[in-house]
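Chemist: One structure is given below, represented as C-alpha cells, and several questions about it will come after.
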Amino acid sequence: MLTLAAVTLLAAAPAPSPAEAKPPVRASLWLTAKGTGDRLARKEPVVFEPMPQPDEACPTVMVDPSKAFQAMEGFGGALTDAAAETFAKLPKERQAEVLEAYFDPVNGIGYSLARTHINSCDFSSASYAYAEPGDVELKTFSVAPDRRFRLPFIKAALATARGPVKVYASPWSPPAWMKTNGNMLQGGKLRPEHRDAWARYYVRFVEEYEKEGVPMWGLTVQNEPMATQTWESCLFTGEEERDFVRDHLGPALERAGLSRLKLMIWDHNRGILYQRAKAVYDDPAASRYVWGAGFHWYVGDHFDNVRMVHDAWPDKHLLFTEGTPTNYDPATVNDWKWGEAYGTSILRDVQSWAAGWTDWNVLLDERGGPNHVGNFCFAPVHGDTRTGVLTFTSAYYYIGHFSKFVRPGARRVATTTNDDELPATAFRNPDGRLVAVVMNKTDSDKDFALWVDGRTAKTQSPAHSILTLTW
C-alpha cells in the first residue's frame, strides 16, 4: 500500500520522455567480414538505449521509419543457359546445395527475382533461335532448346523458393533472318518489315514459358541496345526503341492479354539512362506501355543518373538488371573486392530509387562459362564440373545481406549517415520489421551507433565488412 508521502513523491517526479517510455528494443545482427570466418553469421544482438539527439561526434546511421519511399520488387540473379548447364553437370547433392543457397529464404538467401533470356545469349553453348528462317507467322516457334537445361533449372529454382519468384526475360538478338546483318552476333538492326513478327515473338515466348510452368513477371525490350558485341546483339536508338514499343511490342502484348507484364526499356549502362528514358517517356503513346527502365553497371557508376530519372519521371520504376565482374581469373575468384563491388552497387542503386537488383549468372563453371564466344565472367558461386566443388565468393554473401532480409514489398525508409565511410540504407518489411544494412570498405574497424526514434544502439563495423540489423 502506498503511503501519502510516496504518492506525493510520485506526483512530483517528472514524466518520462517518449524515448524513456518505450520498452527496450533489441536488434538482431548478421555479419560478413574479411579475414574472419563470419559469413552471414548471426552475432550477439544490440540493445537500443534512450538518446533523444544523435551525437555528431560519434559515427551514426540514422533511420526514420516514418518516411517511406519505393516498394522493393526483390533481389536475385540470372538463370541462363550457362548457369543451367553448369548446374546439370554437378552431383545431385551439390545441385540441392545451390538451389537451397540461393532460393530458400530460411536456409539460403531467399532470391525473389530472376532474369532469363529470349533466344541464346553469350552465356549459351551455341547460338540458336526459336523459329525457322523466314517464318514470320511463327508456326515453327518452339522453346525446345531450353528444355534440356534451362527450363528444368528454372522450375527447380521456383520449386525451392518458399514464395513467388518474379521472372523476367530479355532478348539479346532476334533470329538472324530478321536482322540487317543476317547474323545474331555482331550487332545489326531489326529489319523494319520484321518489327511486327519480332513483337509477336515475345508474346510466343511468354506463352510457351507459362505453358511450361514458368510464370512471367516482366520483359525488357533489348539487352544492351547500344553495344555491337561479338556475341548476340541488336542495336536500337532511343527513337527506334520508342517506336518499336509504341507501334509493335506494346500493342502485341495488349492484344495477347499480357499488359500485366512489366515492360522495361534501355537495359544497358547508367551513363545515358536519362536520355534513353526521355526518348520513350516523353512520348505518351509509347510511355503508356512501359513500367520502367532497366540498367547495368559496366561503364562508370553514375548513381546520380538513376536518381535523376526518378526525379524526372516519378511514376516510372527503375530496376538494376545486370552486373558482374568480367574477365574471369580463377586466381582472383576469392578476392574480397567482388563482394564490395556488389554491396556498393546495391546500396547506392536502391538509395537512388531502384526497386530491385539482379545479378548476372547465378552459377558458372570452373572457367567462368560455358560461353560460346569466350566472354568468361565471375559469378557469386562457381561449380567445378570436374570435381563437383562449389566456391561461394564474397559476392554471394554481400547480396545475401539484402536479399535474405529485405523481402518483396518492403519499403525503403529514410536513412542518413554522418560518416561517409559507413554508407547505409534501411527498409520496412511487409511484416513491419525494420532492416538496416551498413558497409565498411576501409581498412579500419569503426564503432558506430544506429539511431532510431530517440534511441540508439551501439556496435562495430569491422574493416571490410557488411552487416545487417533487424528489429
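The values are calculated or read from the model by the stated rules, or taken from the named source; none is laboratory data. Worth saying up front: this structure is predicted, and the values here are computed from it rather than measured. Cβ sites come from the backbone with ideal geometry, for glycine too, and all protein chains shown count toward neighbours.
Chemist: Which residue pairs have Cβ atoms closer than 6 Å, lie 6 or more positions apart in sequence or on different chains, and pair a first residue in the stretch 283-294 that is in the same structural domain as residue 220 (by TED's automatic domain parsing) with a second residue that is part of a loop (DSSP other than H, G, I, E, B)?
Modeler: Going by the 6 Å Cβ cut-off, the qualifying pairs are 292/316.
Chemist: Continuing with this model, one more query. Here are some conditions: (1) out of contact with any Leu (no Cβ under 8 Å at 6 or more places or on another chain); (2) in a loop (DSSP other than H, G, I, E, B). Residue 354 meets all but one. Which one does it not meet?
Modeler: (1)
Chemist: If I filter the stretch 40-69 down to residues being outside any strand (DSSP E or B) and surrounded by 16 or more Cβ atoms within 10 Å (Cβ to Cβ), which single residue comes out as farthest from the chain's Cα centre (by Cα)?
Modeler: Pass one, the stretch 40-69, residues outside any strand (DSSP E or B): 40, 51-59.
Narrowing the set further to residues that are surrounded by 16 or more Cβ atoms within 10 Å (Cβ to Cβ) leaves 40, 51, 54, 59.
On the way: 40: 18, 51: 35, 54: 32, 59: 29 Å.
My answer is 51.
Chemist: Can you pull out every residue in the stretch 111-164 that is under 22 Å from residue 380 (Cα atoms) and in a helix (DSSP H, G or I)?
Modeler: 150, 151, 152, 153, 154, 155, 156, 157, 158, 159, 160
Chemist: Would it be correct to say that residue 153 is under 30 Å from residue 39 (Cα atoms) and aromatic (Phe, Trp, Tyr)?
Modeler: yes
Chemist: Give me the pairs, please: first residue somewhere in the stretch 158-174 and in the same structural domain as residue 268 (by TED's automatic domain parsing), second residue anywhere and acidic (Asp, Glu) and surrounded by fewer than 21 Cβ atoms within 10 Å (Cβ to Cβ), beta-carbon distance under 6 Å, and either six or more positions apart or on two chains.
Modeler: Sorted first by the residue in the stretch 158-174, then by its partner, the pairs are 160/104.
Chemist: Looking only at residues in the stretch 97-142 that are of a type in the set (Ser, Thr, Tyr) and out of contact with any Phe, Trp or Tyr (no Cβ under 7 Å at 6 or more places or on another chain), which one is surrounded by the fewest Cβ atoms within 10 Å (Cβ to Cβ)?
Modeler: Of all residues in the stretch 97-142, those of a type in the set (Ser, Thr, Tyr) come to 102, 111-112, 116, 120, 124-125, 127-128, 130, 140, 142.
With out of contact with any Phe, Trp or Tyr (no Cβ under 7 Å at 6 or more places or on another chain) added as a condition, the list becomes 116, 124-125, 127-128, 140.
Numbers: 116: 24, 124: 26, 125: 15, 127: 20, 128: 15, 140: 11.
Taking the candidates together, the pick is 140.
Chemist: Also, I was wondering about something else. Just one of the numbered conditions (1) within 24 Å of residue 217 (Cα to Cα); (2) aliphatic (A, V, I, L, M); (3) buried (at least 18 other Cβ atoms within 10 Å of the Cβ) is not true of residue 333; which one?
Modeler: Just one mismatch for residue 333, condition (1).
Chemist: If you go through the stretch 242-257 one residue at a time, do you hit one that is modelled with pLDDT of 95 or more, among the charged types (D, E, K, R) and under 13 Å from residue 171 (Cα atoms)?
Modeler: Here is the first cut: in the stretch 242-257, the ones modelled with pLDDT of 95 or more are 242-257.
Subsequent filtering for residues that are among the charged types (D, E, K, R) retains 242-243, 246-247, 254-255.
In the following step, the residues that additionally are under 13 Å from residue 171 (Cα atoms) were identified as none.
No, the stretch 242-257 has no match at all.
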